[in-house]
Amino acid sequence: MCPPDYFGIEYEINPWMNVRVGSDTERSRRQWGDLVAELERLGATIEQMEPVRGLPDLVFTANAGLVYGNTFLCSEFRYEVRQGEAEHFAAWASAHGFEVVRMPPGYHFEGAGDALFCGETLFAGYRFRSDVRSHQWVADRLGVEVLPMELVDPRYYHLDTCFCPLAPGCAIYYPGAFDEYGRSVLRDRIPNLIEAAPEEAASFSCNAVVVGRSVILNRGALKLADALREAGFQAHPLEFSEFIKSGGSAKCLTLYLSQPPWQSI
Ligand code: ARG
């Protein structure tokens, strides 16, 4: 995770961002601190990186890259305003013992924002940020099965805004963010799919951090909390209003550095 010292709405690269609205610095610090505290309470160990002035979205470490065992596949950002982040993420990963891998020039890949394992399969969102050929490159490099899915609604521009693996065969998704093909892939491959209602998806409830059976997500998703309970999970609501103004929430603020326990490499 990366503290929000220099976080702000300084440009507009998704439909949620509005530079005239901005974000509240004190509130974003408090919300980020509450997430750290809750993750630690649930038993997670947090590694922090240094924030960098002039890189307001560095706080969204889900977009740093994709971690697979000891390999760190560094992101190649679509928009110039975020491209300066990659060297900081790569430096952090290499200083922490990861083998850093960069893609060939011209590829766009936004890391764990668009590439999420559910069991052994990598579900990969493309169109607004990552390219489909980048996902193919990742799959070849890692030797894993990848299922690319087109994202069709610009509000759900990263896969982690509309899809959240909970355990092998179990995930949250928002159907409206996918086309019919994507929906059918998800339904075929994930037997226990929990559907987020449109208004709850629009408050970023799919952008959740999973620690065991605990699911940290933006406050107010009551229907989803019920569905999670039925599936054997427990919702832990927190406030993420300041980050939602930038198009991110709980999950975007984190990057899993070790594999989920179900995944073997
Ligand atoms: N403002 C950031 C952007 O548009 C938000 C990134 C959210 N990250 C995520 N993994 N969904 O790139």
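For this structure, a couple of remarks:
- Normalised per residue, the accessible area of the chain is 41 Å², obtained with a 1.4 Å probe and no contribution from ligands, DNA or RNA.
- Accessible surface of the chain, 1.4 Å probe, proportion on carbon and sulfur as whole %: 49 percent
- Dipole magnitude for the chain: about 200 debye, using +1 per Lys or Arg Cβ and -1 per Asp or Glu Cβ, origin at the Cα centre.
- Descending Cα extents along the principal axes, the chain, whole Å: 44, 40, 35
- When the chain is treated as a Gaussian network with alpha carbon springs shorter than 10 Å, the biggest mean-square fluctuation among P148, P56, P105 belongs to P105.
The values are calculated or read from the model by the stated rules, or taken from the named source; none is laboratory data. Not measured: the values here are computed from a predicted model. No Cβ is skipped: glycine too gets one built from the backbone with ideal geometry, and neighbour counts run over all protein chains shown. Just the protein is used for accessible areas: all its heavy atoms, side chains included, with ligands, DNA and RNA removed. Shrake-Rupley method; radii C 1.70, N 1.55, O 1.52, S 1.80 Å.
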